[in-house]
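Scroll down for the structure; my scribbles are underneath it.
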Amino acid sequence: MGETAETASARVASQLQNRADWQRLLQSNVDAIRLSEFANPYECQQLVTFVTQHPRAVQYSTAAGIVRLGSSFSDARKSDALAEEYSKPDILTEALGVNSVISRILGTITASWPLGLETFRCNGVALHRSIARRIVGAGAEPHDDNVAKELPGEHLASAVQIQLGLNLYIEMPEEGGELEGWHRRLSREEYDRLRNPDPKLHYGIRRDVLGVCDWRIEPKLGDLIIFQNNELHAIRHSTGARTTWGFFLGYRGQNESLLIWS
């Protein structure tokens with residue numbers, strides 16, 4: 001338990017109990033932290049039903065083929081819809097009543113990182129802290145999530161040294177849907193130069209310029225996976241539905257709380 005294992009060429013740690021476990025990921029000694037079967041199948045199905053039947057589930061405006069439930073700060077900012085998006089309640093509040101899984105995730109983070117969590121605020125607005133993403137018969141192009149690059153002049157954003165993506169896999173297809181990663185961070189200029197020319201895929205960059213990924217993980221139902229998502233990553237095309245519940249974490253240093261937002 002807790003040993004690093006080779007999982008489809010990825011270096012994966014299997015426990016998250018203290019600062020040392022976080023440091024293995026933050027120092028790139030592992031590619032991801034994977035807590036297998038964090039949620040049971042019944043809990044996953046409860047969350048999937050909540051996502052698929054919720055009236056606020058909408059198509060991403062910047063990523064073709066991906067439906068979301070919950071606020072995406074990046075999507076709302078690029079769509080000039082911040083005021084409208086943040087006039088709605090944080091979906092996290094409602095989701096906490098579905099079952100105990102999301103509470104357990106938050107508890108695991110705050111127990112293992114001594115300084116706990118702090119909600120990301122931008123221009124005085126507290127960002128929302130959860131988002132579900134559902135992809136059916138599609139994937140996601142190589143891309144990064146980097147709030148420090150996106151908002152270089154913003155106080156909290158510029159303090160983020162490493163951005164982490166946390167996802168709970170509540171629905172997985174029979175084939176495809178693997179998470180891929182490249183140990184590459186691109187400047188804004190490099191990213192723009194390598195963008196996919198297809199308007200529907202313009203959020204990402206072209207696979208042909210990257211070559212084979214550095215690591216790949218095939219998530220299983222109920223797995224909780226955390227990785228550095230300010231590095232390039234992608235989702236392989238799937239033949240069925242792939243649904244995750246997650247959020248971002250921002251590491252600002254050993255003596256700071258982790259920022260949380262979606």
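No lab work stands behind these numbers, since they all come straight from the coordinates. Computed from a predicted structure; not experimentally measured. Neighbour counts run over all protein chains shown; Cβ positions are idealised from the backbone, glycine included.
How many nm is it between the label spots at Ala81 and Gln53, if each spot is 7 Å from the Cα in line with the beta carbon?
2.5 nm
With Cβ to Cβ distances under 12 Å as the rule, what net charge do the other residues near Thr244 carry (K, R +1; D, E -1)?
Its environment carries a net charge of +2.
Evaluate the distance, in nm, between pseudo-label points positioned 7 Å from the Cα of Leu96 and of Leu221 along their respective Cα→Cβ axes.
In this crude label model, Leu96 to Leu221 measures out at 2.8 nm.
What is the gain in length, in nm to one decimal, between Asp192 and Val125 on full extension, counting 0.36 nm per residue of separation less the C-alpha to C-alpha distance? Before the final figure, lay out the partial values.
Working: separation 67, 0.36 × 67 = 24.12 nm, distance 2.84 nm.
21.3 nm is the gain from fully extending Asp192 to Val125.
Of all DSSP beta bridges in segment 5-261, what percent run antiparallel (nearest 5)? Please report the intermediate quantities before stating the final value.
Details: 47 of 53 bridges.
Looking only at bridges with both residues in segment 5-261, the antiparallel portion is about 90 percent.
What FRET efficiency comes out for Val136 versus Tyr42 if R0 is 22 angstrom and r is the Cβ-Cβ distance? Round to the nearest 0.05. Mind showing how you got there, number by number?
Details: r = 22 Å, r/R0 = 1.00.
Result of the calculation: an efficiency of 0.50.
For the chain, take N as its residue count and report Rg(C-alpha) divided by 2.2 N^0.38 Å. Please list the in-between numbers first.
Working: Rg = 17.1 Å, N = 262, 2.2 N^0.38 = 18.3 Å.
Computed over Cα atoms of the chain, the ratio equals 0.94.
Taking the Cβ of Asn123 as the center, what net charge do the other residues with Cβ under 15 Å away carry, scoring Lys and Arg +1 and Asp and Glu -1? Walk me through the numbers before you get to the answer.
Numbers: positive: Arg77, Arg121; negative: Asp80, Glu85, Glu150, Glu154.
That works out to -2.
Calculate, for Gln27 and Thr239, the FRET efficiency according to 1/(1 + (r/R0)^6) with r their C-beta to C-beta distance and R0 35 Å; round to the nearest 0.05.
Details: r = 37 Å, r/R0 = 1.04.
Once rounded, the FRET efficiency stands at 0.45.
Just give me a number: lysine pairs in the chain, eight or more positions apart or cross-chain, with C-alpha atoms less than 26 Å apart. Let's see the in-between values first.
Details: Lys78/Lys88; Lys78/Lys149; Lys78/Lys200; Lys149/Lys200.
Pairs that pass both the separation and distance tests number 4.
Under 8 Å for C-alpha pairs, at least 6 residues apart: give me the relative contact order for segment 5-261, rounded to a whole percent. Walk me through the numbers before you get to the answer.
On the way: 548 pairs, mean separation 75.1, N = 257.
About 29 percent, as a whole number.
At 0.36 nm per residue, minus the direct Cα-Cα distance, what do Leu115 and Gln161 gain on full extension? Give it in nm, one decimal, please.
Values: separation 46, 0.36 × 46 = 16.56 nm, distance 1.62 nm.
Gain on stretching Leu115 to Gln161: 14.9 nm.
How much length is gained if the chain between Glu150 and His202 is pulled fully straight, taking 0.36 nm per residue apart and subtracting their Cα-Cα distance, in nm to one decimal? Display every interim value, and only then the final one.
Details: separation 52, 0.36 × 52 = 18.72 nm, distance 1.58 nm.
Taking 0.36 nm per residue and subtracting the Cα distance, the gain is 17.1 nm.
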